[in-house]
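Here is the structure we will look at, set down as structure tokens.
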Amino acid sequence: MVIRNPGPMAATIGGACIVILSTWIAILRGRIDIRTATLFLSGAALLAQGIWLLQRRREEGRARTTEDRELARPARPHVPLLDRITVTHVLLIVAILEVGINRVAVPMLRPTQGLPPAWHTALDYSGLFLFYFVGVLAAMAIAQRCVQALQQRTELPQLVATILAAIAALAASIPLVISAPAALTILLEALFALAVIAVCASAIGKNRDLGVQLGLPIIAVPLLVHTANALGAVFVWPEHQFDGPGSDVASIGVIALALAALASPYCFAPRPFARAVTRPVPVVIAMSFAALGAVMSRMSYPTVAKVASLAIGVELNEQQADPRLALYLLALATLAWTLASCARAASDARRQICLGLAFVLLGGYGFRWPHHYLLPLCGLMMIADAARRVREEELSALPIASETPPIADATWSTYIGSVTQGLKRVLDDVHSLTTRGEGGLVSTVIVGETAGLQVRTRIERIDGAVLALDVVLGRECDELRGATLTLWVIAERGLGANPAAPPAAPLFKTGDEVFDDRFKTRGNALAFKNLLDEELRTRAVSTLDGGWLAYWEHEGLRYRVYPGRGASIDRPMPLADLAIGRSATQAEQLVVLVELLVAIAKRGLPPETTA
């Protein structure tokens, strides 16, 4: 399931609710204080942003009809910068400003004696506004993700994680509105820990990125250590909060933070990892952070220690250099490399992981205010969501190359003749054509029809090696166009992954356990029931060895497989035997495949469907 970023409607409704709530609080209290004013301004800012985005969408809707938008779908359309900015990006910018202004600049620049100057007072009020704005935005981002997860068919672990995250976010948001009682802190710590554990568990599953599955618990350990320290200070060692066990657990948490940063490249860096480590820009950024940290620590260590404490809540000894300072600087440089690498990745899911890591970092380790809980929780949810699709995105982006052995032209010609002859029991007026293009590309097309339904089987070869098999029934629809239904074969890990299928949503389970273990099914569940009964599902499990099957309602059905890439090289064509001159007459597997596709197409395509 893909979680979308909060849209303009969510920002508009959320901003209006916050404005109404802050106004209601001011009326009940009979006065306007700083908390109420900043909450009102945060809601007004969200409301203005949502209205502006809705107006832009309405203007674009007048310029382009729905049909035009569907037809004009280039592989990578140019989108204006303002249209690419989402609430998540705004949250990242505001969170960085809040750290720099409210946490660091305001206390560091506050005069030690006398009244602060006017500029400092203005800076202080700006920091206070950012403080509330970050909390409100983070709470909205979490709420929107929870609503979308509940609206779609999600697996039980993800559903449980969503509910726990919503409850924890609600508890963390209470201090934004009212002065929360002390007992709420204990409840918040417990709910936060449960939500963190549930979110990490929800990312575990088959055919998901292994590095992210391992990395989520690693970055969750410091958060859980903090919860253990907070609860232990209340129930286990109440008299030793600042020394003894409390101090030791806090030190363990800081070390766990450094170790998590050191492990981040191996868990979260773009794949293939060997290609990511050779890119110069992330290396330069990491070296710059390391050098800057070392120079600043050398020139003014007490200032660096104080800034670290204020910004991210990591307590360092301000009197003398911390003995683990070198470890912390190495962790800083390593995390900088990971963030830079993920930010420059081609995969949307990998860039979302970058945002999630940034939110965990910006939340800090202080855990004093609402956004100290909301930002890490939002970041973990984004990483867990990305873990479900990042592997598929990165594997599908790899260059397509032949993974099959070359086949002699004479053997291939005999095989195509056998396939053409075999298809005559399924199709009428069957004939084949082979064309040669540039770069050693050879395309073989077998065309036929049945009951007015056009069927085209195309096999592409490069230098004699089979690249892809493409079977189209009815109209040939562009694979970039959204489909009514897609079935994506879950390949064995040793075979890699199939290239991406045409987009369709949502992901759903069919209720057939054997079928669900074999395919990822996306799109319209009713269309699935109409196309595949129990017999056809059984035949599909045994026949479709790889690739994807897509259906466009009343238009076309298309099956594509890349032998050797997410699929065996011997099904549905015996390529290994053909490469050594054997099995040139064994066309039964491919004929059975086309026969299955014809049976499915007849249940969903009108007979007059043609190219």
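Here are some notes:
- In this structure E534 has an accessible area near 130 Å², from a 1.4 Å probe over the protein heavy atoms.
- In order along segment 445-461, phi translates into HN-Hα couplings of 10, 10, 10, x, 8, 8, 6, x, 9, 6, 10, 10, 10, 10, 10, 9, 10 Hz, rounded to whole numbers, per the Karplus curve 6.51 cos²θ - 1.76 cosθ + 1.60 with θ = phi - 60° and x for Gly and Pro.
- A 1.4 Å probe over all protein chains sorts E315, E393 by accessible area into E315, E393, starting with the largest.
- Lysines with Cα under 25 Å of K509, excluding same-chain neighbours fewer than 8 positions away: K206, K520, K529, K602
- Extension gain for L159-V514 works out to 125.5 nm (0.36 nm per residue, less the C-alpha to C-alpha distance).
- Shown is the FRET efficiency for R603 and K424, computed with R0 = 35 Å from the Cβ-Cβ distance and rounded to the nearest 0.05: 0.95.
- Between L184 and I490, the contour length at 0.36 nm per residue exceeds the Cα-Cα span by 105.6 nm.
- Given a 1.4 Å probe and the protein chains as shown, I178 ends up with an accessible area of around 80 Å².
- Candidate aspartates and glutamates for bridging to K306, where Cα separation is under 15 Å - those fewer than 8 sequence places away on the same chain excluded: E315, E318, D322
- Report note on the peptides 379-392, 582-595: ranked by the mean count of other C-beta atoms within 10 Å, highest first, their order is 379-392, 582-595.
- Under the combined filter of DSSP loop state and at most 14 neighbouring Cβ atoms within 10 Å, segment 497-529 retains these trypsin sites (Lys or Arg not before Pro): K509.
- In segment 266-390, the alpha-carbon atoms span a convex hull of 98 Å³ per residue.
The values are calculated or read from the model by the stated rules, or taken from the named source; none is laboratory data. It should be emphasised that the depicted structure is a prediction, and the values quoted were computed from it without experimental measurement. Virtual Cβ from ideal backbone geometry, glycine too; neighbours counted across all protein chains shown. Accessible surface areas use protein heavy atoms only, side chains included; no ligands, DNA or RNA. Shrake-Rupley method; radii C 1.70, N 1.55, O 1.52, S 1.80 Å.
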